Amino acid sequence: MNNLLRRYGTTLTVIVCLLTAFWLLVLVILPNLYLFENSFRPYLPVQDIGGPKDTYSFNNYMTFFSSPIHISVFLWTIVFSSLVTFLCFVFAYPLAYYLSKKVSVKSLPTLFLVLTIPLWVSEIMRSFAWFIILSLKGPLNILLMSIDVIEKPIRWMTGFRSVMIGLVYTYVLFMLFPIYNAIQSLDTNQIEAAEDLGAPWWRTHWRVILPHAKPGIASGSVMVFMLSAGSILVPSLLASTNSRWFTEIIQQWIFESLDWNTGSAYAFLLLILCTIFVTLVMRVFRVKLSDIAK
Amino acid sequence: MPAVGASLANRRGMHRGAVPDPMSASIELENVTAEFGSFRAVDNVSVTIEAGEFFSFLGPSGCGKTTILRMVSGFISPTSGTIRIGGKDMRDQRPNQRPTALIFQNLALFPLMPVWENIAFGLEVRGVDKKIRRERAEELLALVDLPNAADKSVSQLSGGQKQRVAIARALAVEPSVMLLDEPLSALDLKLRQHMRAELRAIQKRTQVTFIYITHDQGEALAMSDRVAVMSHGKLQQVAPPRDIYDRPANGFVASFVGENNVFAGEIAASGNGQADFRTPLGTFQARLGPNAGANSKLYLRPEHVRLSHEAASANSIPVEVTDIAFEGNFISILTQDASGRTIVSEARNDGSSPLPEKGARLNATFDPDHAVILTDDVPLKAGAH
């Protein structure tokens, strides 16, 4: 704090601190507290709010547990978010290894630029782009048919297929960068030492590089999983009739039923249950929270 | 390495001092050149290293010695030339297919594995059973004098202990050739001297060919059977340590290995391996070096400069003592001749002769056999020593 004062002077420091406090308090903490408080109150007509019926209870939360459909949507959301996380890892790990250990330092900035350009376009635009690419008479099918890979166009947007494609595309970089940083910090001599001792490439990865990259993989996975499970744009744009995402149910409670109370209860359930799930998975893979913070 | 399983089996119960089967191999470098872009790191090097030999490459940083090591281990391919290990051409052999084990300058131990898994990694790669791996790791820990460390983590070890683990890890794969890339440079002086003796002892015990890379002449001279002095990618001299020091092949070797007083001048007359060398200070008698010629200089080691009150008939320079530097086991006496140039003399700190006073006027004399006339074909890189 003293350091900050010395460097930027009183005025600037106060402005910076106030703006941060405003963002944190007014834009993050207060709305969440408001929703949290509301999630324990019943959905009532306006004249009953504050009346004798307006009491705290867990009824909104119980709505979820008494609805098999909602539970099943939630479970599928978890399953497919895990799949997205796994697919992101499958794409990101080799790329991260290649970028951090194989590419010459000279071409690195160009490659990173190419990788990050898609991030400059908003998520909604990217999702619409995929909507067009994947449509039945869209460019992907035309391309595949023109090079004789397929005979009839593939219906991409059925089941969770297109949602998976969209989510992996949107979040793969959140997996790439932490893994890249982790592998980057690995001493190249260790890779060479493993090879020198006779290890084939896969064993070097399994015993030396992967264990070292574990914290990066863990933080990337947590990010991708949480973002996927909480994503609303991609699932609603690229969804088909038989793919429902849990966030869509929250949206329905809030915007279609106008029942903000149950909606916020569902939102907090999503947060809590995902946190429990992530904690359990971290236990299984023996990742500590402190590893991720590194 | 097909015999690992079998040789492990008959070596169970091996303890400290047991001698593994000698399985060293010779290394031949034939016209080996390595270029990086337009830079020639190794320039047409040919040398044969005998099986079971302790061989050092000595040179200033950037002289190409590490490149040679990486070519032998397979991480770099030579631009041209041939490398043979045990008579077998190593072209297109990946590092994991070569009978070499490299000890890295920073050791490159695997920090996430306990000590014994580090050592047994090469055996794990070869599919050796876990129980045997563990036994073998403990045998090797005994060999490098580090018992009870098997389950420690690498970060718990001291510098010297890490060193030993790295050696054990390399020995575990039973290499025919051990390659060591300045492995002692990170240790403090006492430990370094101790590890020198250890390395030498391990080499004698295992009979494996050791190739040792260093810029430290003390290490190279003390440990090696033969030393190759390198500069600018070229071999300057390959010889046993004594010959390197006493019979340097050229001016570079003379000035890189040990200290020298160097006098510029020209050969006035020569014959019978001796010459009269004319310098501005007078004409001295000296031995003709192997490459003495038109641009030669006179090289004289400080320990061969005697200071006395009487002038000798030949090879005598009147000097004045300017400074005395106490180095512990010897004393360095700095003197100045009439022209103001410094001549260094060294005396053993054994109390045999009284030290001269600062400012004393004496004569620096030397034996013609101890001064050598050499040409410095390769300029010594500034600040390289």
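Only the coordinates and a few stated rules stand behind these numbers; no lab work does. Note that the structure is predicted; figures quoted are calculated from it, not measured. Don't worry about glycine lacking a Cβ; one is built from the backbone with ideal geometry, like all the others, and counts go over all protein chains shown.
Rounded to the nearest 5, what % of DSSP beta bridges with both residues in the protein assembly as shown are antiparallel?
Details: 61 of 81 bridges.
Around 75 percent of the beta bridges assigned by DSSP in the protein assembly as shown are antiparallel ones.
Given C-alpha coordinates of chain B, what is the ratio Rg to Rh with the Kirkwood estimate of Rh?
Numbers: Rg = 24.7 Å, Rh = 23.3 Å.
For chain B, the value is 1.06.
Indicate the helices, whole DSSP H runs only, in chain B that combine a mean Kyte-Doolittle hydropathy of 0.0 or more with a Cα extent along their long axis of 15 angstrom or more. Mind dumping the intermediate values first?
Details: long enough: B:115-125 (16 Å, 0.86); B:130-143 (20 Å, -0.88); B:159-172 (20 Å, -0.07); B:189-206 (25 Å, -1.04).
Membrane-span-like by this rule: B:115-125.
Treating only the Cβ atoms of Lys and Arg (+1) and Asp and Glu (-1) as charged, compute the dipole magnitude of the stretch B:51-140 about its Cα centre; round to the nearest 20 debye.
Numbers: 13 positive and 9 negative charges, 47 e Å.
Approximately 220 debye in magnitude.
Show me, for the stretch A:209-216, the HN-Hα J-couplings you get by feeding each phi into the Karplus relation (A = 6.51, B = -1.76, C = 1.60, θ = phi - 60°), rounded to Hz, glycine and proline as x.
For the stretch A:209-216, the Karplus curve yields 7, 4, x, 5, 7, 3, x, x Hz.
Between the helical axis of A:108-120 and the dominant principal axis of chain A, each derived from Cα atoms, what acute angle in degrees is found, rounded to the nearest 10?
In chain A, helix A:108-120 runs at an angle near 20 degrees to the longest axis.
Evaluate E = 1/(1 + (r/R0)^6) for B:Ala264 and A:Val103, where r is the Cβ-Cβ distance and R0 equals 56 Å; express this FRET efficiency to the nearest 0.05.
Values: r = 51 Å, r/R0 = 0.92.
Computed FRET efficiency for B:Ala264 and A:Val103: 0.65.
Pop out the ³J(HN,Hα) list for the stretch A:168-181 in order, Karplus 6.51 cos²θ - 1.76 cosθ + 1.60 with θ = phi - 60°, rounded to Hz; leave Gly and Pro as x.
Along the stretch A:168-181, the couplings run 4, 4, 5, 10, 4, 5, 5, 8, 4, 5, x, 5, 4, 4 Hz.
Please give the average number of partner chain Cβ atoms lying within 10 Å of the Cβ of each residue in A:196-209, rounded to a whole number.
Values: counts 19, 18, 17, 7, 3, 2, 0, 4, 2, 0, 0, 7, 6, 0.
Counting Cβ atoms of other protein chains within 10 Å of each residue's Cβ and averaging gives 6.
In whole angstrom, note down how far apart the Cα centers of the stretch B:182-260 and the stretch B:292-343 are.
Between the Cα centres of the stretch B:182-260 and the stretch B:292-343 lies a distance of 27 Å.
Identify all aspartates and glutamates with a Cα-Cα distance to A:Lys53 below 18 Å; exclude those on the same chain that are fewer than 8 residues away in sequence.
Of all the aspartates and glutamates, those that pass the test against A:Lys53 - Cα under 18 Å, at least 8 places apart if same chain - are A:Glu37, A:Asp259.
Return the subset of B:Lys131/B:Lys162; B:Lys130/B:Lys204; B:Lys190/B:Lys234; B:Lys65/B:Lys162; A:Lys106/B:Lys88; A:Lys102/B:Lys130 for which the Cα-Cα distance in this structure is over 26 Å, preserving the input order.
Details: B:Lys131/B:Lys162 23 Å; B:Lys130/B:Lys204 29 Å; B:Lys190/B:Lys234 32 Å; B:Lys65/B:Lys162 24 Å; A:Lys106/B:Lys88 37 Å; A:Lys102/B:Lys130 33 Å.
Checking Cα-Cα distances, B:Lys130/B:Lys204; B:Lys190/B:Lys234; A:Lys106/B:Lys88; A:Lys102/B:Lys130 exceed 26 Å.
Would you work out if chain A is rounded, prolate or oblate? Take a ≥ b ≥ c from the square roots of the eigenvalues of the alpha-carbon gyration tensor; rounded if a/c is under 1.5, else prolate when a/b is larger than b/c, oblate otherwise.
On the way: a/c = 1.85, a/b = 1.28, b/c = 1.44.
Because a/c hits 1.5 or more and a/b fails to exceed b/c, chain A counts as oblate.
Under a 10 Å cutoff between Cα atoms, tell me which one of B:Gly328, B:Gly258, B:Gly59 has the largest fluctuation in the Gaussian network model of chain B.
Comparing B:Gly328, B:Gly258, B:Gly59 in the GNM, the peak value goes to B:Gly328.
Straight-line reach from A:Lys288: which lysines have a Cα under 23 Å away, not including same-chain ones fewer than 8 places off?
A:Lys214, B:Lys152
Would you work out which of A:Thr247, A:Val224, B:Ser231 lies farthest towards the positive end of the dipole of the protein assembly as shown? Charges go on Cβ: Lys and Arg +1, Asp and Glu -1.
A:Thr247
Counting Lys and Arg as +1 and Asp and Glu as -1, each charge on the Cβ, what is the dipole of the protein assembly as shown about the Cα centre in debye, to the nearest 20?
On the way: 61 positive and 57 negative charges, 361 e Å.
Approximately 1740 debye in magnitude.
Let's test the formula: R0 of 25 Å, r as the Cβ-Cβ distance of B:Asp145 and B:Leu112. What FRET efficiency results, to the nearest 0.05?
E(calc), rounded to 0.05, equals 0.50.
If R₀ is 22 angstrom, what is the calculated FRET efficiency for the pair A:Phe255 and A:Ile124, using the beta carbon separation as r and rounding to 0.05?
Values: r = 17 Å, r/R0 = 0.77.
In this case the efficiency is close to 0.85.
Scan around B:Ala371 for amide H atoms under 5 Å from its own, H built in the peptide plane at 1.01 Å from N, and keep only partners 5 or more places away or cross-chain.
Here the answer is B:Arg287, since their amide H atoms fall under 5 Å of that of B:Ala371.
Amide H of B:Leu102: which non-local residues (sequence gap of 5 or more, or other chain) have their own amide H closer than 5 Å, using H built in the peptide plane?
Residues meeting the criterion, in which the H sits 1.01 Å from N, are B:Leu179.
In the stretch B:259-374, if the dipole is taken from +1 on Lys/Arg beta carbons and -1 on Asp/Glu beta carbons about the Cα centre, which of B:Ser270, B:Tyr299, B:Ile373 is farthest to the positive end?
B:Ser270
Please give the net charge around A:Leu167, taking every other residue with its beta carbon less than 13 angstrom from that of A:Leu167, where Lys and Arg add +1 and Asp and Glu add -1. Could you put the intermediate results ahead of the total?
On the way: positive: A:Arg126, A:Arg161; negative: A:Glu123.
Charge balance in the 13 Å sphere: +1.
Sorted from largest to smallest, which semi-axis lengths in Å does the alpha carbon gyration tensor of the protein assembly as shown give for its equivalent ellipsoid, taking the root of 5 times each eigenvalue?
Numbers: eigenvalues 1032, 190, 135 Å².
For the protein assembly as shown, the semi-axes come out at 72, 31, 26 Å.
Taking H placed 1.01 Å from N in the peptide plane, check which residues at least 5 places from B:Met230 or on another chain put their amide H under 5 Å from its amide H.
B:Leu58, B:Gly59, B:Gln236
Please arrange A:Met226, A:Met62 by how many other C-beta atoms lie within 10 Å of their C-beta, fewest to most.
On the way: A:Met226 20, A:Met62 11.
Result, fewest neighbours first: A:Met62, A:Met226.
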